1. Considering amide H positions built from the backbone, and no H for Pro or chain starts, which residues 5 or more places from Val345, or on another chain, come under 5 Å of its amide H?
2. Using per-residue counts of other Cβ atoms within 10 Å, averaged over each peptide, order 129-135, 103-109, 41-47, 348-354 from highest down.
3. Which parts of segment 242-256 would a label at Asp266 reach, counting a residue when its backbone N lies under 18 Å from a point 7 Å out along Cα-to-Cβ?
4. Which value in nm describes the separation of the simple spin-label points at Phe277 and Asp137, placed 7 Å from the Cα toward the beta carbon?
5. In whole Hz and in residue order, list the ³J(HN,Hα) couplings for segment 291-308 that follow from phi through the Karplus curve 6.51 cos²θ - 1.76 cosθ + 1.60, θ = phi - 60°; x for Gly and Pro.
6. Could you tell me which of Tyr152, Gln104, Thr132 has its Cα farthest along the dipole of segment 101-161 towards the positive end, charges placed at Cβ (Lys, Arg +1; Asp, Glu -1), taken about the Cα centre?
7. Tell me, what HN-Hα J-couplings in whole Hz come from the Karplus equation 6.51 cos²θ - 1.76 cosθ + 1.60 at θ = phi - 60° for each residue of segment 263-275, using x for Gly and Pro?
8. Would you list, by chain and number, the lysines whose Cα falls below 18 Å from the Cα of Lys215, excluding same-chain residues fewer than 8 positions away?
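Each value in this text was obtained by applying a stated rule to the coordinates, not by laboratory testing. Everything numeric in this text was worked out from a predicted model, so none of it was measured. Note: ideal-geometry Cβ built from the backbone for every residue, glycine included; neighbour counts use all protein chains shown.
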Amino acid sequence: MAGWVSKKSVIIVICAAVAYYVYSHFFGHGGGYGQMGGAPPVSVAEVTEREVRQWNEFSGKLVAIDQVDIRPRVTGTIESIHFADGAMVNKGDLLFVIDPRPYQAAYQSASSQWVLAHSDLQRAKSLVASKTIPQRDYDQRKSTAAIAKAAYVKAGLDLEYTHISSPITGRASRAEVTVGNLVEAGMGQAPLLTTIVSSTPIYADFEIDETTFLKYAGAGVTGNKSAAAIPVILELGETEKEGHVESFDNRVNNVSGTVRVRAVFDNADGSLVPGLFARVKMGSPTATKSLLITDRAIGTDQSKKFVIVVGAENKTERRYIKLGGLAENLRVVEDGLKPGEKIIVNGLQRVMMPGQPVTPEMVPMTPEPPAPAAPAPAAKG
């Protein structure tokens, strides 16, 4: 029993000490910044206004400008392959050879038939002029010559199709059919031999909301008109490339309420690969005068954004604001603030109620500092 009373006494003493600390720290009147009635120190910056180009961020996907599926146009056996899997190929480079011997023989036969029919037509032309043969015989020989010429041309094309060349400059996929396999031509039957995708330049496709689209349309940008004046920055891992908008789509998606946009980037080094997802920053067509604040100053009240303004006698006021895009790593404020007003950028959590006095310390309006890089994993020994 005595031990139980001793433990109970210790608990009571601890609870009393905690209660005293809470009271003295939060409800005492000793003048500390965390105490009721005190003026906590906060960092305050002045809302700036200057000419900047606004940027909006979107998620995009890289798309090749040209992509060609290589399929056979004649039936035959793959005789040879003339590219390495994943290699860069130029327009006109030989990719596959289909056994040309049957088509070479057909071409020679068609050539002989055409020469014979053409000679016969020339003789008939002089004979019909002298009324030696009737006009009907001449017309028949003329038709025969035309058919022979068409067969000759087709045989030449078939022979040409046995040598499959790249129609564009780009990067080849792997060979889907190896040497010795029989491939069959024809719609719906021709197998895929390989795929060629162009590498530079390259597209980035993304979608923007209606509100953003209307801003660009209001600046005179529609379709391809003035689109090239809109800068775009592509961020993919540690890679960053600059490009420009190539076009806006001609309609709004009724389901998502967005408009498709296509930007174009140089990709001479081949670091951008079609199919990758990337972050796309699209700038405004021109620089405009805008109010700028740091994201650290912005609080959230349900769906509303606000800042704490420090006014006369260093008293605070909650001000709801309308935000725009990014500019120079600062956030654009479209409504709710005026140039020169002072807002809290550090210490929002110390302001408990509107009208509370604070002790401001002026600091520059700087962007949110970048997050520290993750440490590299230790090498396993």
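1. Ser43, Val44, Ala45
2. 41-47, 103-109, 348-354, 129-135
3. 242-246
4. 7.9
5. 8, 10, 9, 7, 5, 5, 8, 9, x, 10, 10, 6, 9, 9, 9, 9, 10, 9
6. So the residue we want is Thr132.
7. Computed from phi, the couplings for segment 263-275 are 10, 10, 9, 6, 9, 4, 7, x, 6, 9, 10, x, x Hz.
8. Candidates past the 8-residue exclusion: Lys225, Lys281, Lys289, Lys322.
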